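**Q** Can you keep this structure in mind? I'll have questions shortly.
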Amino acid sequence: MQLAGQKKYHDFLFFSWCVSIIAMFGSLYFSEIRYFEPCELCWYQRILMYPLTLILGIAVVKKDLQISFYAMMFSSIGGTLSLYHYATQKITLLGENAIACGRVPCTVQYINWFGFITIPFLALSAFFIIFILNFAIWKYIKRGHLH
């Protein structure tokens, strides 16, 4: 029997899974429908986001809140990469000295909505939301509410 307090955290888990699904399909939309070729840093961010859709999806079905720690690790690493990637796009000094990024430069801004929303910014937002939701779940577990 599920405790009433746990429902909120199962909702957090479900919402973080939804965010990962939206991020995955968003990246596929940009590459497969809009034909924006991902740079190397984009691929690394995908490598960290795509497994989250599977891991969180399984956790939602199994109602397994224990997955929160692993989701936090994936999202923190992905968020760090996204932040660096976004900084190379928006901070000239970093962009000029960015690491080699393959065929497509990491500084390319395929979209620039409202002057600040780029693809790495969208990824950073998704990783941040997933991290915060799973951090709340992890704190709930650490307080001893789940055995």
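Residue-wise test of (1) more than 22 Å from SER20 (Cα to Cα); (2) of a type in the set (Ser, Thr, Tyr); (3) modelled with pLDDT under 95.
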| position | (1), (2), (3) |
| --- | --- |
| THR88 | yes, yes, yes |
| LEU93 | yes, no, yes |
| VAL104 | yes, no, yes |
| VAL108 | yes, no, yes |
| ILE117 | no, no, no |
| PHE121 | no, no, no |
| ASN134 | no, no, no |
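**Q** Shifting gears a bit: Applying the selection to the stretch 84-107, what residues are touching an Asp or Glu at 6+ places or on another chain (Cβ under 9 Å) and exposed (fewer than 15 other Cβ atoms within 10 Å of the Cβ)?
**A** ILE99, ALA100, GLY102, ARG103 - these are the residues of the stretch 84-107 that are touching an Asp or Glu at 6+ places or on another chain (Cβ under 9 Å) and exposed (fewer than 15 other Cβ atoms within 10 Å of the Cβ).
**Q** Mind listing whichever residues of the stretch 85-126 are over 24 Å from PHE25 (Cβ atoms), under 20 Å from the mean Cα position of the chain (by Cα) and assigned to a helix (DSSP H, G or I)?
**A** Hits for the stretch 85-126 are ALA87, THR88, LYS90.
**Q** Quick check on the stretch 41-57. Is at least one of its residues within 19 Å of TRP138 (Cα to Cα), out of contact with any Asp or Glu (no Cβ under 8 Å at 6 or more places or on another chain) and of a type in the set (Val, Ile, Thr)?
**A** Looking for residues that are within 19 Å of TRP138 (Cα to Cα), out of contact with any Asp or Glu (no Cβ under 8 Å at 6 or more places or on another chain) and of a type in the set (Val, Ile, Thr), one finds at least one in the stretch 41-57, hence yes.
**Q** Within the stretch 136-143, can one find any residue that is of a type in the set (Lys, Arg), closer than 27 Å to GLU40 by Cβ and surrounded by fewer than 18 Cβ atoms within 10 Å (Cβ to Cβ)?
**A** No: zero hits.
**Q** Determine if the stretch 71-82 includes at least one residue that is farther than 22 Å from PHE12 by Cβ and surrounded by 19 or more Cβ atoms within 10 Å (Cβ to Cβ).
**A** The answer is yes; a qualifying residue exists.
**Q** Okay, next question. Would you confirm, using the coordinates I've provided, whether LEU41 is surrounded by 17 or more Cβ atoms within 10 Å (Cβ to Cβ), modelled with pLDDT under 95 and part of a helix (DSSP H, G or I)?
**A** Criteria met by LEU41.
The values are calculated or read from the model by the stated rules, or taken from the named source; none is laboratory data. Just so we're clear, the structure is a prediction, and the values are computed from it rather than from any experiment. Positions of Cβ are generated from backbone atoms using ideal geometry, with glycine treated the same way; all protein chains shown enter the neighbour counts.
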